[in-house]
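To keep things clear, I will list the structure first and then write my remarks on it.
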Amino acid sequence: MAVSLAQPQTRSLPPRRILPGFGLSLGYTLLYLCLLVLIPLSTVFIRAGTLSHTQFWAIIDDPRTVAAFKLTFGASALAALVNAFFGLLVAWTLTRYSFPGRRVIDGLVDLPFALPTAVAGICLSAVYADNGWVGRVLAPHHIHVAYTQAGIFVALVFIGLPFVVRTVQPVLQDLETDVEEAAASLGATRGQIFARILLPTLFPAVLTGFTLAFARALGEYGSVIFISNNIPLRGEIVPKLIMDKLDQFDYAGAAAIAVIMLLASFALLLLINLLQWWSRKRLGMA
Amino acid sequence: MSIEIRGVSRNFGEFAALKDVNLLVETGELVALLGPSGSGKTTLLRIIAGLEYPTAGTILFHGEDTIRRDARSRQVGFVFQHYALFRHMTVFENIAFGLRVRPRALRPSKADIEARVMELLKLVQLEGLAQRFPSQLSGGQRQRVALARALAVEPKVLLLDEPFGALDARVRQELRSWLRRLHDELHITSVFVTHDQEEALEVADRVVVMNKGQIEQVGSPEDVYENPANPFVMNFLGSVNLFHARIHDGEAHIGPSSVPVTAAQDASTIGYVRPHELDILRQHNGEPTIEAVIKHIHAVGPTVRIELARRDNGELMEAELTRERFADLALKAGEEVHVKARKLQVFTEDYSI
Amino acid sequence: MRSEKIEGSTIRPRLATEALPIRILLILVTLIFLGLFLGLPLAAVFTQAFAAGSGPYFAALKDPNTVSAIKLTLLTAAVSVPLNVLFGLAAAWAIAKFEFWGKNLLLTLIDLPFAVSPVIAGMIFVLLLGKFSPLGGWLDAHQIKIIFAVPGIILATTFVTFPFVARELLPVMQAQGVEEEQAALVLGATGWQSFWRVTLPNIKWGLIYGVILCNARAMGEFGAVSVVSGKIMGQTNTLPLQVEAFNDDYNFVGAFAAASLLALLGLVTLVIKSFVEWRTARHEQ
């Protein structure tokens, strides 16, 4: 980082930046970034690094850890998949059709961004508990949502809901109607137009939204612990497992699991950047 | 205040935008930097303003080296190509900005600022628009606000980057003569950048023709137009006919005709003739001429342009006649005529455009 | 996550839309899906909070633990939001107005906290400053309490809300370009004058947008704060933690009363957010 701070100064030449404040603003940015983000984050790797290979794998290979990872990744993937489908549908109806209350509903889509996760968790468990508004309907059919793995899925759908909608919406809005009219005038049916013209155009955005929702779901804690039974091997997600280890002062164990989670998150962050670059390129906005 | 550009170079990575440029702009002059895009003219203007730094060389204002002074303290007025008006401020606030940001000791009183802004609004003929926002103005009005804003700080030097570039043809024509009159009134040393040769020749006291980061020629509009220093200047300042010529015994030979030239060496070269320097004769009158056939006649406008093809090698050329001369000759397409060059320019230095 | 909205009608040419029954079906499915996942939970907060009437609701809000949680939440946001505003302004200025090596890497690093699980966000400060770390040992010896105390809560909150302001300011400042600042410079303005008079008014709405999103997250953060807070009622419980504490005690009216305040915060955030989006969209036309 120090390279970019240095301003080559020879005696005959003045500073090369015309606008003032470059050194100050970049310096402050880097300092703040290091103190608040980079140095604290590095502690996870440093702490995990004190473990030997066998110790590390013993923690990761523990049935409880494996079960938590399976549950977290599985439920997140499923929730993101449901969000990809319904997100596309929601984006479609909100941009293409007009119906009463459309603007309000459009604003409400961002609720999961604005509603604290604890509130989401406590509300979802109230609605989907066996005596709740929805749970009451499902319980007689022996379907139980709250305090089961299904509850975790419901919470993850909630928190991931805006991602696909908000990545697909701008692409849908920019789509020219004349392309569809051209296809229709060439004899294509609505179904063919959707499958052959619209879907390929929207696909990168849907995929980006899916990845964003998946990444968000992996780390989610607040909403899930309210609606899950949090029982090890059955209803315990990885963040809850880390929390438990921290409560027992098993910092090395927590760090080992956190390393895996962080690596997964970084890989997804990279993937998201690549996807966004790809979809911009595909849409000719690069 | 005079501006001296001394040995200025500017590199952007591998690309040399300016190569050792030297120029003196006299106090009170209105100078045009003329050149195609990529010729370095805007970079040079920005270096004078302090909005860009030279890789080498320096700028002197009134003999004083400014290279250590930043844009803030150079006291230049700069009019940006796209005006860069502060969009959240009214016209009044835009013009007053430069006075308002002065250190308290140098800041004029509220009443003085208001008086000054009103005076400037009158100067640029925008009296009624003080409370408008830039987005509510036409292009020409924005241009004049930008100018008034630059003049508010009483700059010693006024720099304008493509001042008429973003305007449509009619407004551009009006503003051109207005700017000339304004300069005659205020006499601020001014430099403006343009790629439009007509604009440069019409408005400026002196024209600096630039190409590929270097100055090709400096001179009065008549000077650069009548006596271009090289084929680039000749070409850039208007349309021109090219003839392959042989120089022999102090004469350039084009086909059967020849024109005396100052070049000494015997060589093959290219002769340049402006369309209005070509005359058309019905009869061969003994002078050396080129035989040609009339292809097209464009008789719209103050002059008549005639496209001709040479009989000997079929090459096309263009002549420009006055309406009277055209009427006297009563030319028609397809007719065979004799073409005479009144003035032929030959550049002996090996020069590629 | 800003979205541009189509203004006015969405009437489409006949060839580029679906038959009416399909349209109605799609709208119905959308409404049912959003109702199940957004509408019902939101309605549940308020009905549950008032389940026993308004008396117990307001009594729950006056509970000293709730009051203390509200105070701590406000304090946390009051410290971490300005910190991130300062950072956001500096980062956006450096990145949008200058060219330098490593810019893309810096952009990715700024996004990093978004990719980190809240629990891990809290954990890193425990690892760095907790009792068992070298730094924590030193702090302990000097009687400075950070972890399981208010400073830890503020640190963790600042971490999770780190990118918000910078992320919103960047595109606005980039779109603004540098010409207006250059114009201010040649007119004799100092860097600060140009920043206060030219830059800031131009990015005002982007800044407001970033601040309200940052604030909503700061007040509502649960996971990260949960790790670094000692969860001592009346001392280190923020409002979201208090929701959990009441919930664990089967004090559902208290839990939902506290939750209703946070839900209200969320709704107010959405309204301001929509207003800013509407205003920006109108301004761009």
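Taking GluC sites (Glu not before Pro) as exposed when DSSP calls them loop and at most 16 other C-beta atoms lie within 10 angstrom, chain B has its longest site-free stretch at B:27-314. Straight-distance candidates among the lysines for linking to C:K204, with alpha-carbon spacing under 25 Å and chain neighbours fewer than 8 residues away dropped: C:K5, C:K97, C:K103, C:K273. For region B:1-75, the Stokes-Einstein estimate of translational diffusion at 25 °C and a viscosity of 0.890 mPa s comes to 195 µm²/s, using the Kirkwood hydrodynamic radius over alpha-carbon pairs.
Each Lys and Arg adds +1 at its Cβ and each Asp and Glu adds -1 at its Cβ; summed about the Cα centre, region A:41-282 shows a dipole of about 180 debye. For the protein assembly as shown, the normalised intensity computed at q = 0.05, 0.10 Å⁻¹ comes to -0.45, -1.16 (log10 of I(q)/I(0), Debye sum over alpha carbons, equal scatterers, no solvent). The alpha-carbon positions of region A:41-282 define a convex hull whose volume is 158 Å³ per residue. All Cα-Cα separations within region A:57-194 were binned at 10 Å from zero, giving a P(r) of 11, 27, 30, 18, 11, 3, 0, each value a whole percent of the pairs. Peptide B:122-128 has a mean of 0 when you count, residue by residue, the C-beta atoms of other protein chains within 10 Å of its C-beta. Protection proxy ranking of C:250-263, C:165-178, A:56-69, by the mean of other Cβ atoms within 10 Å over each peptide's residues and highest first, is C:250-263, C:165-178, A:56-69. The orientation-averaged projected area of the convex hull spanned by the Cα atoms of chain C comes to 21.6 nm².
Using Cβ point charges alone (K and R +1, D and E -1), the dipole size of the protein assembly as shown about the Cα centre works out to roughly 2780 debye.
Counting only DSSP beta bridges whose two residues both lie in the protein assembly as shown, roughly 75 percent are antiparallel.
Note on chain B: antiparallel DSSP beta bridges, both residues inside, total approximately 75 percent of the bridges counted.
For the peptides A:187-197, B:69-79, the ranking by packing is B:69-79, A:187-197, with the highest mean count of neighbouring Cβ atoms within 10 Å listed first. Taking the centroid of alpha carbons for each part, region A:208-258 and region C:220-261 are 19 Å apart.
Taken residue by residue and averaged, Cβ atoms of other chains lying within 10 Å of the Cβ of A:103-112 number 6. Here region B:103-137 and region C:35-76 have alpha carbon centers that stand 55 Å from each other. Pairwise alpha-carbon distances in region A:122-230 exceed 16 Å for 67% of all pairs. Heavy atoms of chains A and C lose about 8700 Å² of accessible surface on contact, summed over both sides with a 1.4 Å probe. Counting only residues at least eight positions apart within a chain, or on another chain, the lysines with an alpha carbon under 24 Å from that of A:K240 are A:K70, C:K131, C:K231. Pairs of Lys residues in chain B that lie 8 or more places apart, or on two chains, and have C-alpha atoms under 28 angstrom apart add up to 13. Sorting B:235-241, C:217-223 by average packing, meaning the other beta carbons within 10 Å per residue, from highest down gives C:217-223, B:235-241.
Kirkwood analysis of the Cα pair distances in chain B returns a hydrodynamic radius of 23.1 Å. Look at the stretch C:85-96: the mean tally of other chain Cβ atoms within 10 Å of its residues' Cβ atoms is 5.
Rounded to whole Å, the principal axis extents of the Cα atoms in region B:1-156 read 47, 35, 28, largest first. Putting +1 on Lys and Arg Cβ atoms and -1 on Asp and Glu Cβ atoms, find which of A:G191, A:S52, A:T211 reaches farthest to the positive end of the dipole of region A:41-282. Highest projection toward the positive end goes to A:G191.
The values are calculated or read from the model by the stated rules, or taken from the named source; none is laboratory data. Predicted, not measured: the structure shown is a model, and the values here were computed from it. Note that each Cβ is placed from the backbone with ideal geometry, even for glycine, and that neighbours are counted across all protein chains shown. Just the protein is used for accessible areas: all its heavy atoms, side chains included, with ligands, DNA and RNA removed. Shrake-Rupley method; radii C 1.70, N 1.55, O 1.52, S 1.80 Å.
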